[in-house]
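The structure under discussion appears below in the form of structure tokens.
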Amino acid sequence: MTIAGRPAAASGTLPVYNPATRAVIAHAPRATEAQLNEAVRAAREAFRTWGRSSQAARKDALNIVASTLRDNAATFAHLLTLEQGKPRAAAEAEISGSVRWCREIATQTLHDETIEDGVDRQVVTHFSPLGVVGAIVPWNFPVSLAIWKIAPALRTGNCIVVKPSPYTPLCLLRLAELCRDRLPPGVFSVVTGGDELGKFMTVHPGIDKIAFTGNTDTGRHVMRSAAGTLKRLTLELGGNDPAIVLPDVDAKAITPRLFWAAFRNNAQFCNATKRLYIHEQIYDDVLRELVAYTKTVKVGDGAEPDSQLGPLQNEPQYRKVIEYIDDCVRHGYKFAAGGTIDGDAPGWFLPVTLVDNPPDDSRVVMEEPFGPILPVLKWRDEEEVIARANDSPFGLGASVWGQDVSTVKRIGERLDACTIGLNEVHEYSPHQPFGGHKQSGIGCENSLHGLMEYTNTTTVTWKKTASFGRNPADGEP
């Protein structure tokens, strides 16, 4: 680990698995509560200087992180495929995207806001850093979703202690190691451990903010734990994103886009399409094309150059997705593709599975499997499909697909989600906010809105013409 700019071992370890083979590939340190305390103390000490650092120094820090990732991109991509399972091309894209994110966030500045500036009076609002940020990072995009927290924290003058998922700690351990001599000690630390370490972080009195990405149930626990010290929170949580397909699409042409909207990263993706609503006029055509396309997609070890989808990342998630497949079998739902599990597969592999028009109250429709199983659903009436799409406790993303632009826009405007794609999906930028409505999260990441979440506002009022003469109560001189 990296604590206070120095290497830190631990007496206990956690096994790290290659999900494509189920083999143990490394052992990561299991931090103690005392080591977390040490990391937080170092961060608070560093903040005394870093919190007053110049804008140029903060920009430089982000560019150092970006250069470290860029200069070691091949190593990071290899580690990412090894520990997460995603194909090499996807791993390379995650690393290069993280480099870009650091560079772009470095260009963002929260300027003072002058509210009033007259002859007699001035009012200015400043943005100041919070102090120490605790970042809890998931296993599906372990590098990019860490950078989404590291970059705004450092850019706004905070120090950060990062806890990667125990399933995917290697890339972040390596990143912190390479940055030890390039960033001030205590500004960026990485500690690894299991769920108990996350609990220690959320109640820690020396941590001012928790930035968490994960499922909604865990997000509730984080929120409850953080309430004791009224920590600032950014929670990016689960989703059950609907995609609505209009009857005027070309079934064959749109199929690849619909497929990858649902199955990118093997559907281990909060913003993946998880409910696919296809108009009844073209339902059979689109479903047939989806089934055919599914057969062309190679599922395999991410280290193999022709693999397009990797395994499930960990055994608990593998078992969870199997539960959804088994539930469909128990209820007699029809599989258009997949649904058969190869128990002899070397890793945590599951087939791409399409469920043919299950009922709206089925688990696979109402919940978030977070794996390669997709309910494909018929719709007839526009009002009805909008109501069905919005009938969810989640509100992360949504998409609408069709040739009739006015209809696409009309439906999109009525969907209750933070990010709505019209004839596109998964288009992100450091300059656009990303978050969730309803139970999909609190706050947002990216853009100036996301940057503000790492700051306090301080408003200074100044009476320019104030005159302090003799106090009448003092009597005559």
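The values are calculated or read from the model by the stated rules, or taken from the named source; none is laboratory data. This is a predicted model, so every value here is computed, not measured. Counting neighbours? That spans all protein chains shown, and the Cβs are built from the backbone with ideal geometry, glycine included. Side chains included, ligands, DNA and RNA excluded: accessible areas come from the protein's heavy atoms. Shrake-Rupley method; radii C 1.70, N 1.55, O 1.52, S 1.80 Å.
Using the Cα coordinates of the stretch 18-62, the gyration tensor eigenvalues translate into equivalent-ellipsoid semi-axes of 34, 19, 5 Å, sorted from longest to shortest. Distances between placed amide hydrogens fall under 5 Å for residue 162 paired with 135, 189, 190, 191, all partners being 5 or more residues away or on another chain. Measuring with a 1.4 angstrom probe and ignoring ligands and nucleic acids, residue 429 comes out at about 20 Å² accessible. Among 445, 427, the sequence by solvent-accessible area, most first, with a 1.4 Å probe is 427, 445.
Could you order the peptides 163-171, 199-207 from most to least packed, using the average number of other C-beta atoms within 10 Å per residue? The partial results should precede the final answer.
Values: 163-171: 24.7, 199-207: 19.8.
Packing order, densest peptide first, comes out as 163-171, 199-207.
Assuming a ≥ b ≥ c are the square roots of the Cα gyration tensor eigenvalues, decide whether the stretch 236-317 counts as rounded (a/c under 1.5), prolate (otherwise, with a/b larger than b/c) or oblate. Don't jump to the answer; show the numbers that get you there.
Details: a/c = 2.85, a/b = 1.42, b/c = 2.00.
The shape class here is oblate.
When both bridge partners sit in the chain, DSSP labels roughly 45% of those beta bridges antiparallel.
For the chain, the relative contact order works out to 19 percent when only alpha carbon pairs closer than 8 Å and six or more residues apart are counted. Under the simplified labelling scheme, the residue 407-residue 220 pair shows an inter-label distance of 3.9 nm, with each label point 7 Å from Cα along Cα→Cβ. By how many degrees, between 0 and 90 and to the nearest 10, does the Cα long axis of helix 33-50 differ from the longest principal axis of the chain? Result, in degrees: 50. Calculated accessible area for the stretch 151-229 comes out at 33 Å² per residue, all protein chains present (probe 1.4 Å; ligands, DNA, RNA ignored).
A protection proxy built from the mean count of other Cβ atoms within 10 Å ranks the segments 310-318, 378-386, most packed first, as 310-318, 378-386.
Each Lys or Arg adds one and each Asp or Glu subtracts one; over the other residues with Cβ under 10 Å from the Cβ of residue 278, this totals -2. From most to least packed by mean Cβ count within 10 Å, the peptides 320-328, 80-88 give 80-88, 320-328.
For residue 59, a cut-off of 27 angstrom between C-alpha atoms picks up these lysines, skipping any fewer than 8 places away in its own chain: 149, 163, 209, 231. Computed in the context of the full set of protein chains, the accessible area of the chain at 1.4 Å probe radius has 51% of its extent on carbon or sulfur. A straight line joining the Cα centroids of the stretch 360-384 and the stretch 392-439 runs 17 Å.
Were the residues from residue 257 through residue 203 laid out at 0.36 nm apart, the gain over their Cα-Cα distance would be 15.2 nm. Under the criterion of Cα pairs below 8 Å and six or more residues apart, the relative contact order for the stretch 263-416 equals 27 percent.
What the stretch 26-65 shows is 52 Å² of accessible area per residue, with the surface traced by a 1.4 Å probe over protein heavy atoms.
For labels at residue 298 and residue 248 in the simple 7 Å Cα→Cβ model, what's the distance in nm? The two pseudo-label positions are separated by 3.9 nm. For the stretch 67-193, the spread of Cα positions along the three principal axes, ordered from largest to smallest, is 64, 28, 26 Å. Accessible area per residue for the stretch 332-393, computed on protein heavy atoms with a 1.4 Å probe, is 42 Å². Computed from Cα atoms alone, the Kirkwood hydrodynamic radius reported for the stretch 149-216 is 12.9 Å.
For the stretch 1-105, rounded, prolate or oblate, judged on the Cα gyration tensor with a ≥ b ≥ c (square roots of eigenvalues), a/c < 1.5 rounded, else prolate if a/b > b/c?
On the way: a/c = 3.37, a/b = 1.18, b/c = 2.85.
It is oblate, given that a/c is not under 1.5 and a/b is not larger than b/c.
If you take the alpha carbon atoms of the chain and fit the smallest convex hull around them, that volume is 182 Å³ per residue. Normalised by the number of residues in the stretch 340-477, what is the relative contact order in percent for Cα pairs under 8 Å and 6+ residues apart? Contact order relative to length: 15 percent.
Distance from the C-alpha centroid of the stretch 1-41 to that of the stretch 136-203: 12 Å, rounded to the whole angstrom.
State the Cα centre-to-centre distance between the stretch 69-90 and the stretch 222-286 in whole Å. A separation of 25 Å, based on Cα centres.
Taken along the Cα-to-beta-carbon direction at a fixed 7 Å, the label points for residue 177 and residue 41 span 2.6 nm. One decimal place: the segment residue 452-residue 67 gains 136.1 nm when fully extended, by the rule 0.36 nm per residue minus the C-alpha distance.
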